[in-house]
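Readers should treat all values here as calculations from the given coordinates under stated rules, not as data from a laboratory. Values in this document were obtained by computation on a predicted structure and should not be read as measured data. Cβ atoms come from the backbone with ideal geometry, glycine included; neighbour counts cover every protein chain shown.
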Amino acid sequence: MPETTDLKKNKVVIIGPVYPFKGGISHYTGLLCRAMRERYDVAMISYSMQYPRILFRKEQRDFGNDSFRIDDTEYIINTASIGSIHAAADRINEIDPAFTVIQWWHPYFSPCYRILIKRLRSKVLFICHNVFPHERFPLDRMLTKSVLKRGDFFILHSEKEAEELTSIVPDAKYRVNMHPTYSEFKRVESPSGAIPVDQASVILFFGFVRPYKGLRILIQAMSLIPEIVHLNIVGDFAGAKSEYENMITELHLSDRISIRDGYVPDREVGEYFERCDAVVLPYLDATQSGIAQIAFGFEKPVIATNVGGLPEVVKDGETGVLCEAGSEEALKDAIQRFFELKKTVDFEKNIREDAPRFSWTHMVETIAGLTGID
């Protein structure tokens, strides 16, 4: 006979990208679904088309590693098709969930979700990875407000995000819950020789290269740091690689900085994190960072600027080091301070002890408390 407790679980629908879609939000959605299935009867609904190719020309899927796969996912939402969106709403209403969880990170999805929510009978919980996009554009505030004002509940990952939300939805019912840790990437016991191994110390910059992430400041800081430190830059430059290469050449850092341009398949992520002593987030602006949570998943400390929600995540001198944003001198000092602290501070132990507040179980508890649905 089946367990009667399973039959009594409340139904929940989660909407968002999931394997084989690329990126941190896809990883997040998959891990959230797994965690919520411990408590709820969860139906996972994803996209038959996430972005039109005219807007996103690169391959949107990665089939190389299925460790984030979610069984029984229904890929039924074409974000640019009204008929598809109506059909998805009908399917969700057929499931009849206690509430529907929607991942939110960009106003592109505004038309899709406005149509969808209007037809849903369930309450809606938005998990906001970014309330407003990092790269702002005209009408983004209006588009965001037009959708988020229709939500019943909200999960934010930083106090800054909460401030942005309440600026457009003053009476929002929300909770701030730290971005959970990504711990599903494969550990690499013996990394290959593809990454420099003849350096005494290695720091890592990982992820999409965008102006607000402050990579230029980090490269400038490298010219002020002793030669025993090597920087690996691993991520998608979106066509801007030559600008950074020229900067590296001009500063005579070609032998101390390595670049790996392009999307990194999930199965290769561990290679770079296992090789480094610390992950550097020299951001000029931020809300929160999935990269920090990948680092913590590998028990690697984080050197970060004190912008947005990063000071809420990184404990200065314990799980990493914080510094002023926009200053190569401040970043240089932070990197050197980290290597000095490393002689006496057990960063890995501190990261393990701090892990409960970043757990997926904690996230599910927050959702249950916010919605009142157990």
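Details
- With neighbour counts taken as other beta-carbon atoms within 10 Å, the residues 79, 166 rank, fewest first, as 166, 79.
- Take every pair of alpha-carbon atoms less than 8 Å apart whose residues are at least six positions apart; their mean separation over the length of the range 305-367 yields a relative contact order of 27 percent.
- Sorted by Cβ neighbour density within 10 Å, fewest at the top, the residues 213, 22: 22, 213
- Per-residue packing, averaged as other Cβ atoms within 10 Å, sorts the ranges 152-159, 309-316, 114-121, 245-252 into the order 152-159, 309-316, 114-121, 245-252, beginning with the highest.
- The range 140-168 versus the range 89-108: alpha-carbon centroid distance in Å: 17
- Table column - 3J(HN,Hα) (Hz), the range 86-103, Karplus curve with 6.51, -1.76, 1.60, x for Gly and Pro: 4, 5, 5, 4, 4, 5, 5, 5, 5, 5, 6, x, 5, 7, 10, 9, 10, 7
- Lys, Arg +1 and Asp, Glu -1 on Cβ, resulting dipole of the chain about Cα centre, debye, nearest 20: 1320
- Residue order for 279, 202, fewest other beta carbons within 10 angstrom first, comes to 202, 279.
- Gaussian network model of the chain, Cα within-10 Å springs - most flexible of 142, 36, 44: 142
- Note on volume of the Cα convex hull per residue in Å³: of the candidates (1) 128; (2) 147; (3) 186, the value calculated from this structure sits at (2).
- Relative contact order %, the chain, counting alpha carbon pairs below 8 Å whose residues are six or more apart: 14
- Percent RCO, i.e. relative contact order, over the range 201-356, from Cα pairs under 8 Å lying at least 6 residues apart: 24
- Legend: distances between Cα atoms for 58/300; 241/349; 213/342; pairs beyond 27 Å are 58/300; 241/349.
- Karplus 3J(HN,Hα) series, Hz, for the range 357-368 with 6.51 cos²θ - 1.76 cosθ + 1.60 (x for Gly, Pro): 6, 9, 7, 6, 4, 4, 4, 5, 4, 5, 5, 4
- Residues whose amide H comes within less than 5 Å of that of residue 12, counting only those at least five positions distant or on another chain, are 41, 42, 43, 98 (H built at 1.01 Å from N in the peptide plane).
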